[in-house]
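Here is the structure we will look at, set down as structure tokens.
The values are calculated or read from the model by the stated rules, or taken from the named source; none is laboratory data. This structure is a prediction, so every number in the text was calculated from the model and none was measured. Cβ coordinates were reconstructed from backbone atoms using ideal geometry, including for glycine residues, and neighbour counts include every protein chain displayed. These accessible areas exclude ligands, DNA and RNA; they are computed on the full protein's heavy atoms, side chains included. Shrake-Rupley method; radii C 1.70, N 1.55, O 1.52, S 1.80 Å.
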Amino acid sequence: ISQTVLTDSLNVQCEENLISSCINMQMKESVKNEIIDILQAAGEPVVKSDEMVCATLGEGRGMVSCLSSVNINGRSYAIKVSDASSRPNWKLYTQQHNRELQVHQFFEKFRNGELISSTDENLVRTVRFFGGSQCDRKKPGLLIMEDLTAESTIPDKPSEGLPLATILSVISGVAANQSAYLSVEEELELIPKDLLFEPLCKWVNEDLEKASKHEWFRAEWKEPLNVWADPDNQRDCQYAREEGDLPLALGHADMWMTNILFEKKETSEALQLLAFIDWQCAIVGNALLDVASVVAFNMNATERRKHEHEILQHYVDEVKKRSGGFRKEFPIDTVDKLLPQYRRSLRFAALQMLLRVAPEAKDKANAMESARAETGKIDIGENERLGVYTQRFIGLLEDIVD
């Protein structure tokens, strides 16, 4: 963790710091003042003369904004700064930030009772949001959230996948967030993701070429993956509703383990969901996209196949028990009727997994070459030679490619 202190003079040397890594020197003072203004408006006891101590939480690579834990006057906040000024894909980058801002604003209005007279706190499984600002090409955007670093923990053996009890806890959270959206009459008009589909198609195709050169990749998988990656097909998978599908609902659409915070409770040996973070890819769309992604990303193939029906039934039960308060229509029936939509949703998970598989395969290949150089041979089994996501990716394609 990188730490530094922001004083009134803002002599910051550390390049990984919240402000110095995300915005240029001329912007520092205005951003610090904006942080204080937002927190004061939220009723937090901070003033502009307070010292800020920052620890880096996120690296800000790719489309990800710079995230830091910031201690102000003994209180800790998670602050995300999005600066698009030097980004070649600045339109996409600003949309990602502003979409996440929309989601946090919605959930905070729900928490505060602005959308519905009586709210259930258990219907919101996101971090508390203090406030933020929009990002544009010339001005950085801010998101100021509750810092759950101290309360959260990570799985002991993520390579083995999440246990069923933890998966069910996450699915309960998916159902809870959807239920919050379904419990209010107000529509959530999120910024469309059209700017994301074209580059995602390009990235998938590049990584598909790399993956197809490995022995484990089957030739019959290439065409379906190419078809699924087409921007129009991506859009349909996330936003379109086919006959028999569930109505559209709020979804996270980026359910990697790194975007899920877990906590340890005395009542359960398995980790439980604490909150979902990083809502930059959120949608009001395919209601089963998150369910499919949670299962595909975070369970090994054998466990996924064994428990899929139970997990889907848990989702149905969690939605039904909250449906009495819904203000939007959301008829939900049996697991069997959900299966076609669920299977299509797994295609989206496969595309996202491919983006992890290519670099993972490269890392494994490099490790194998190093072992060969040192020992003259590699004496490990095929499953051990394959990375975690590669194994899950293979198992997933075996199940969903006709």
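The Cα atoms of the stretch 210-283 give a gyration tensor whose axes a ≥ b ≥ c have a/c of 1.5 or more with a/b no greater than b/c, which makes the shape oblate. Starting from the Cα gyration tensor of the stretch 96-194, take the square roots of the eigenvalues, sort them a ≥ b ≥ c, and report rounded, prolate or oblate (rounded when a/c is under 1.5, otherwise prolate if a/b is larger than b/c, else oblate). Oblate shape, in that a/c is at least 1.5 and b/c is the bigger or equal ratio. With the simple spin-label model, which puts each label point 7 Å out from Cα in the Cβ direction, the residue 73 to residue 257 separation comes to 3.9 nm. Relative to its Kirkwood radius, the Cα radius of gyration of the stretch 135-180 gives an Rg/Rh of 1.16.
Rolling a 1.4 Å probe over the protein heavy atoms leaves residue 232 with an accessible area of roughly 90 Å².
Loop-located chymotrypsin sites (Phe, Trp or Tyr not before Pro) in the stretch 172-228 (DSSP state other than H, G, I, E, B) with a sparse environment of at most 15 neighbouring Cβ atoms within 10 Å: 216.
On full extension, the segment bounded by residue 114 and residue 239 gains 42.3 nm, given 0.36 nm per residue less the C-alpha separation.
If you take the square roots of the eigenvalues of the alpha-carbon gyration tensor of the stretch 146-265 and sort them as a ≥ b ≥ c, do you get rounded (a/c under 1.5), prolate (a/b over b/c) or oblate? Cα axes put the stretch 146-265 in the oblate bin. Full extension of the chain between residue 305 and residue 401 gives 33.1 nm of extra length, using 0.36 nm per residue less the Cα-Cα distance. The GluC sites (Glu not before Pro) of the stretch 121-211 meeting both criteria, a DSSP state outside H, G, I, E and B (loop) and at most 12 other C-beta atoms within 10 angstrom of the site's C-beta, are 185, 187, 189. About its Cα centre, the dipole of the stretch 149-225 is roughly 420 debye, where the only charges are +1 on Lys and Arg Cβ and -1 on Asp and Glu Cβ.
Suppose R0 equals 35 Å; then what is the FRET efficiency for residue 202 and residue 157 from their Cβ-Cβ distance, rounded to the nearest 0.05? After rounding, the FRET efficiency stands at 0.55.
The largest accessible area among 278, 333, 402, 156 belongs to the first residue in 402, 156, 333, 278, and the rest follow in falling order (1.4 Å probe, all chains). Go through the stretch 238-283 and name the chymotrypsin sites (Phe, Trp or Tyr not before Pro) that are in a DSSP coil and have 16 or fewer other Cβ atoms within 10 Å of their Cβ. Counting only loop positions with at most 16 other Cβ atoms within 10 Å, the chymotrypsin sites (Phe, Trp or Tyr not before Pro) in the stretch 238-283 are 256.
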